[in-house]
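Working notes, structure below.
The values are calculated or read from the model by the stated rules, or taken from the named source; none is laboratory data. Just so it is clear, the model here is predicted, and its values are computed rather than measured. In this analysis, Cβ positions are derived from the backbone assuming ideal geometry, glycine residues included, and neighbour counts consider all displayed protein chains.
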Amino acid sequence: MPSNQVPHLRVLPETREFALELVAEGKIFKAVSLVHKATGADRKHAKAYVEVLRAEVLARHVPVEVERAAIALVAKGKPVDATKLIVLNTDLNLKDGHRYMDALRSGRLSAR
């Protein structure tokens, strides 16, 4: 599956909320297992779904004005500066800042 393609899985709202809680706690593997078992999807698709949830959790840490400034930097061809901006203006570490920007750039996460 291409990195910008989000799997369409039928996930019950309560399963989605529980998976979001697990992701927020850093329990990614448990979230993938939950989605896999609840939907019957293979692990690859379950992981892709959880990566979208992970981006949603990361987005909670990024103020809208910082996100907009980062998107403007990406549009100017400065993705590294955009990631730096995210890291310097949020409590995200470099790895999560990069993960967040990658989700935005690939379309797995919509800009607010």
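Some notes on this structure:
- The single residue among Leu22, Leu73 that is touching a Lys or Arg at 6+ places or on another chain (Cβ under 7 Å), at negative phi and without any contact (Cβ under 8 Å) to a residue 24 or more places away in the chain turns out to be Leu22.
- Residue list for the stretch 97-112, restricted to those being in a helix (DSSP H, G or I), of a type in the set (D, E, K, R) and more than 9 Å from the chain's Cα centre (by Cα): Arg105
- Glu14 in a helix (DSSP H, G or I) and either in the same structural domain as Lys95 (by TED's automatic domain parsing) or over 17 Å from the mean Cα position of the chain (by Cα) (or both): yes
- Single residue of the stretch 26-77 satisfying the filter (aliphatic (A, V, I, L, M) and touching a Ser or Thr at 6+ places or on another chain (Cβ under 6 Å)) that is farthest from Pro13 (Cα to Cα): Val62
- Contact map, the stretch 84-112: first residue among the aromatic types (Phe, Trp, Tyr), second residue surrounded by 17 or more Cβ atoms within 10 Å (Cβ to Cβ) and part of a loop (DSSP other than H, G, I, E, B), Cβ cut-off under 7 Å, separation 6 or more or different chains; pairs are Tyr100/Val62; Tyr100/Leu92.
- Matching residues in the stretch 61-91 - criterion: being farther than 24 Å from Val50 by Cβ and in contact with a Pro (Cβ under 8 Å, 6 or more places away or on another chain): Leu73, Asn89
- So Leu94, is it in contact with a Leu (Cβ under 7 Å, 6 or more places away or on another chain), among the hydrophobic types (A, V, I, L, M, F, W, C) and either more than 19 Å from Leu53 (Cα to Cα) or at pLDDT 95 or above (or both): no
- Scanning the stretch 44-64 for residues that are in a helix (DSSP H, G or I) and either within 17 Å of Glu21 (Cβ to Cβ) or touching a strand residue (DSSP E or B) at 6+ places or on another chain (Cβ under 8 Å) (or both) gives Ala46, Tyr49, Val50, Glu51, Val52, Leu53, Arg54, Ala55, Glu56, Val57, Leu58, Ala59.
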